[in-house]
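A.B. asks: Pasting in a structure now, in structure tokens, and then I'll have a few things to ask.
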Amino acid sequence: MSRGDMAKPLLGHRSTEGDPGVTPASGRTIGVLGSGDFARSLAIRLVCSGFKVVVGSRNPKRKASLFPSAAEVTFQAEAVKKTDVIFVAVFREHYSTLCDLADVLAGKILVDVSNNTEINHHKESNAEYLASLFPACTVVKGFNVVSAWTLQSGARDGNKQVLICSNNQEAKRTVAEIAQVMGFTPVDMGCMSSACEIENIPLRLLPAWKIPIFLALGLFLCFFTYNLIRQVIHPFIREQKNKLYKIPIEVVNTTLPCVSYVMLSLVYLPGVLAACSQLYYGTKYRRFPDWLDQWLQHRKQIGLLSFFCAALHAVYSLCLPMRRSHRYLLIETAVKQAVEKKMNIWVEEEVWRMEIYISVGIIALGLLSLLAITSLPSITNSLNWREFSFIQSSLGFIALVVSTLHTLTYGWSRAFDENQYKFYLPPTYTLTLLVPCTVIIAKVIFSLPCIRHRLLRIRRGWEKGRYVKFVLPSATGEYSSGETSSNV
């Protein structure tokens, strides 16, 4: 890692020149207690950011080669004496080993960077425990949400925030300035009571993905069971045919597009429900129900899972001709046609259906790929709001329409074939059309001038039953203002 890459801040830090109450952070001496992976990465980043670093270790001679040459590696007591800001990069269970340094540490700022192995593993946070051991010190919780890899990756890493909390405002400001010089964005989380919440953050496993993943798994199990009954159980009961070989590939491949299609419609359904609520109550200031609010917040994850299922469906579909069972059936069909002396097996309608079905499916997958790519933070940050809204809203709705065409061309006229209703159960694709078609019809209704005009007024502050001043574009494109109420 070159010094130039790491020395560049991720975000420009606030200048301290001309402020007599603030000591410039860069150039000061920073202490680090500990010699583990995080301590080494922290020392490297501090050195490359222009700080003088003193590392305190119980075995300085053995650990010196692991740290940059610009960092001084010495005994813990010597390191503590040379600085006023000390990063405590040791585990909670080893805090007691520092008690011999209590007198030397008095009046120092201790930055606790530790984490636990489980959420709420202890009654009190590590930072609060450290503060109880050293009451003469000022403890600041910070840098625990930053990994050792992030410290060494510099400006090329996307994790920029450093959460900080302490009961001492001056100590928090000092640590925040150090974080800014290192290229991170300090976030003030308040007093020390927030330390427990900060320590739980790195331990949470995809908190925003739990509901979407359970939703996707639930839909998968429902459609998989439904397809299993139709494709495997029905032939076994009615015709005594063993179709178990279809489960790993064919049944799964029939299930994946159903899940993807329904999940995509669930991305836009909460927006329809929110618009209905605003139209019904005549205001945008009424809070949505909690379940709808949660649904709106999880649309990104639901959309990405929809793309994931669609991508798997594409891969599974490409693998269908590679199956041994497919080859056997192909040979069996060819032999049967040869025995029956059928020379022309071309069915024009089926050929056109499959050509359109595959072509529309490729377009739908391409649009879903575009939606997935633009949801990445690095891509999102390069788009303005209108561009992002156009891709995620307009192109997303087009993707839903194209997916609907893909489903309809798959079904074609088979929805009216009684042989397709096995155990009197309709084909799976007919069930998947319910929610998407509801969303499409609702979107078309909302695009009607009378409804679109009213919804636009509501979203600009108009409320039913109140006189408010509003500004709306006229037919000529110019804006006109007026006053109205629900009685007008």
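The values are calculated or read from the model by the stated rules, or taken from the named source; none is laboratory data. It should be emphasised that the depicted structure is a prediction, and the values quoted were computed from it without experimental measurement. Here the Cβ is made from the backbone with ideal geometry for all residues, glycine too, and neighbour counts use every protein chain on show. Only protein heavy atoms, including side chains, enter the accessible area calculation; ligands, DNA and RNA are left aside. Shrake-Rupley method; radii C 1.70, N 1.55, O 1.52, S 1.80 Å.
A.B. asks: Test M263 against the criterion of being in contact with a Cys (Cβ under 8 Å, 6 or more places away or on another chain) and either open to solvent by less than 50 Å² (accessible area, probe 1.4 Å) or on the phi > 0 side of the Ramachandran plot (or both), and give yes or no. Explain how you work it out, then say what you get.
C.D. replies: Details: in contact with a Cys (Cβ under 8 Å, 6 or more places away or on another chain): yes; either open to solvent by less than 50 Å² (accessible area, probe 1.4 Å) or on the phi > 0 side of the Ramachandran plot (or both): yes.
Yes; evaluated as a whole, the condition is true for this residue.
A.B. asks: Just the residues that are surrounded by fewer than 18 Cβ atoms within 10 Å (Cβ to Cβ) and touching a helix residue (DSSP H, G or I) at 6+ places or on another chain (Cβ under 9 Å), please, taken from segment 98-117.
C.D. replies: Narrowing segment 98-117 to residues surrounded by fewer than 18 Cβ atoms within 10 Å (Cβ to Cβ): 99-100, 102-104, 106-107, 117.
Scanning segment 98-117 gives C99, D100, A102, V104, T117.
A.B. asks: Can you confirm whether segment 195-204 contains a residue that is basic (K, R) and surrounded by 13 or more Cβ atoms within 10 Å (Cβ to Cβ)?
C.D. replies: Going residue by residue through segment 195-204, those that are basic (K, R) are 204.
Subsequent filtering for residues that are surrounded by 13 or more Cβ atoms within 10 Å (Cβ to Cβ) retains none.
Among the residues of segment 195-204, not one is basic (K, R) and surrounded by 13 or more Cβ atoms within 10 Å (Cβ to Cβ), which makes the answer no.
The rows are residues; the columns are (1) assigned by the TED database to the domain that holds C450; (2) part of a helix (DSSP H, G or I); (3) in contact with a strand residue (DSSP E or B) (Cβ under 9 Å, 6 or more places away or on another chain); (4) farther than 21 Å from T430 by Cβ.
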position: I247; (1), (2), (3), (4): yes, yes, no, yes
position: V251; (1), (2), (3), (4): yes, yes, no, no
position: C276; (1), (2), (3), (4): yes, yes, no, yes
position: K284; (1), (2), (3), (4): yes, no, no, yes
position: F288; (1), (2), (3), (4): yes, no, no, yes
position: W291; (1), (2), (3), (4): yes, yes, no, yes
position: L305; (1), (2), (3), (4): yes, yes, no, yes
position: L312; (1), (2), (3), (4): yes, yes, no, yes
position: L329; (1), (2), (3), (4): yes, yes, no, yes
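A.B. asks: Take A127 and tell me if it is touching a helix residue (DSSP H, G or I) at 6+ places or on another chain (Cβ under 7 Å) and small (G, A, S). Before the answer, list the steps.
C.D. replies: Numbers: touching a helix residue (DSSP H, G or I) at 6+ places or on another chain (Cβ under 7 Å): yes; small (G, A, S): yes.
Spelling it out, A127 is indeed touching a helix residue (DSSP H, G or I) at 6+ places or on another chain (Cβ under 7 Å) and small (G, A, S).
A.B. asks: Same structure, new question: Given (1) in contact (Cβ under 8 Å) with a residue 60 or more places away in the chain; (2) over 18 Å from the mean Cα position of the chain (by Cα); (3) closer than 30 Å to S393 by Cβ, where does G303 come up short, assuming only one miss?
C.D. replies: In the conditions (1) in contact (Cβ under 8 Å) with a residue 60 or more places away in the chain; (2) over 18 Å from the mean Cα position of the chain (by Cα); (3) closer than 30 Å to S393 by Cβ, G303 misses (2) alone.
A.B. asks: In a helix (DSSP H, G or I), closer than 17 Å to P436 by Cβ, open to solvent by less than 50 Å² (accessible area, probe 1.4 Å) and out of contact with any Pro (no Cβ under 7 Å at 6 or more places or on another chain): is that true of A364 in this structure? Even if it seems obvious, please write down each step before you answer.
C.D. replies: On the way: in a helix (DSSP H, G or I): yes; closer than 17 Å to P436 by Cβ: yes; open to solvent by less than 50 Å² (accessible area, probe 1.4 Å): yes; out of contact with any Pro (no Cβ under 7 Å at 6 or more places or on another chain): yes.
So A364 passes the test.
A.B. asks: OK, next. For V351, which of the numbered conditions (1) at pLDDT below 90; (2) over 17 Å from V252 (Cβ atoms) fails to hold?
C.D. replies: Only one criterion is unmet by V351, namely (1).
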